[in-house]
1. Which of Arg64, Arg209, Arg269 moves most in a GNM of the chain, Cα contacts under 10 Å?
2. Note the full-extension length gain between Asn248 and Arg233 as 0.36 nm times their separation in residues minus their Cα-Cα distance, in nm to one decimal.
3. Any idea how far the Cα center of the range 236-297 sits from the one of the range 72-99, in Å?
4. Just from its helices, what would the mean residue ellipticity at 222 nm be for the chain, if runs of 4 or more DSSP H residues each count -39500 (n - 2.57) and the sum is divided by every residue, rounded to the nearest 500 deg cm²/dmol?
5. For a label point 7 Å from the Cα of Asp92 along Cα→C-beta, name the residues of the range 142-182 whose backbone N is under 13 Å from it.
6. Find the relative contact order for the chain and round it to a whole percent, using C-alpha pairs within less than 8 Å whose residues are 6+ positions apart.
7. What's the center-to-center distance, using Cα atoms, between the range 146-212 and the range 28-53 in Å?
8. Using Cα-Cα distances under 8 Å and only pairs 6 or more residues apart, what relative contact order does the range 25-71 have, in percent?
Amino acid sequence: FGSSSVMRLLVEVALAGVAGKTIFEVGKNLGGIEERDTWPDSRTLWEQYIATDKRRYGRPFVVRGFAKNWPAFKSFADDKEMAQRWGNEMYDIVETEIKETRKAPQHEMTISKFLSNYEEKGWYSVATIPKAMQAEVPLPPHFHCGNFDRRMHGAVLWQSRGGTKSVIHNDGQDAVNCQMDGSKHWAIWHPKYAKKIQSRKFGWVDASRDKDFKEAYGQFGGRIDVDSVDLERFPGWDELEWYELWMNPGDCLFNPSAWYHTVHGEPGRSQSVLLWWYRQDNFNATDCEVTHAWPPGVTLADCTWDYSPGENEQATKCGPSTSKRDEL
């Protein structure tokens, strides 16, 4: 070896020695979350996966292959078909980064424009599903009653060329997340760690108050590089217990509000459908007693959306309704 080659090798070895571990290599991996054979009804979801303790932290679960019989599983699978059927519809939010920082510009564009460019330019749709496309997605059965459909917030289509990496964050809404194409790797932390995770010692930021993140939005683990966690600055991450989840095509996750997570997409076309709703105060058993069974074919298009505390608090609803139910 020449002197320059030796020097280059020494630099590479030194850099490898200081490189941090990925977020999937730190902490205490508890293994997978619960796997169910079927999607639960309203009462089961409330009693077994939401009202599980005094703080109603709830617990996540996954149903493998649940979305494989959805019309969207086929119609969303081909970009050419999507462009032909819905190319003139609009995506309201398209991000311009694959590894999330929450600082990159966001754009609005037609679906045709997105589909023609997302692979080359690394665009990432996090857009509201247009009404015409919502008809391809059946409504999960727990929305049938119990007031689950009274605070519907949003239905989102996530699509990218793969290789995406989210920041560590949590959501204020309960969610159903269904993987339509590609695979994603999740790390999930219990809300019992809220005081730790949402602290400077864990790299948490509030973009509205942090001058280093004035171009970003929200609260998240902004100082944590999920590819190389700096355990010298943020050693606490190596002490936390976490759950690991792989999502494959057709799999659907119930992700309770407040659970922390980061999601990494494998290379290749990736697509998922996300349903967000704000949790009702209590389970309305009477609603389930008076609500007749929905006819087959109720979809996201049969819902009203955009409930948001403090902004739009008009009750939403899904599916056929009766005057008796609306009086509850």
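FYI, it's all coordinate maths here, none of it is from the lab. None of these values were measured; they are calculated from a predicted model. Glycine also receives a Cβ, built like all others from the backbone with ideal geometry; neighbour counts cover every protein chain displayed.
1. Between Arg64, Arg209, Arg269, it is Arg209 that shows the largest mean-square fluctuation.
2. 2.0 nm is the gain from fully extending Asn248 to Arg233.
3. Rounded to whole Å, the Cα centres lie 22 Å apart.
4. So the calculated ellipticity at 222 nm is -5000 deg cm²/dmol.
5. Residues passing the 13 Å test: 153-157.
6. 27
7. 18
8. Rounded, it is 42 percent for the range 25-71.
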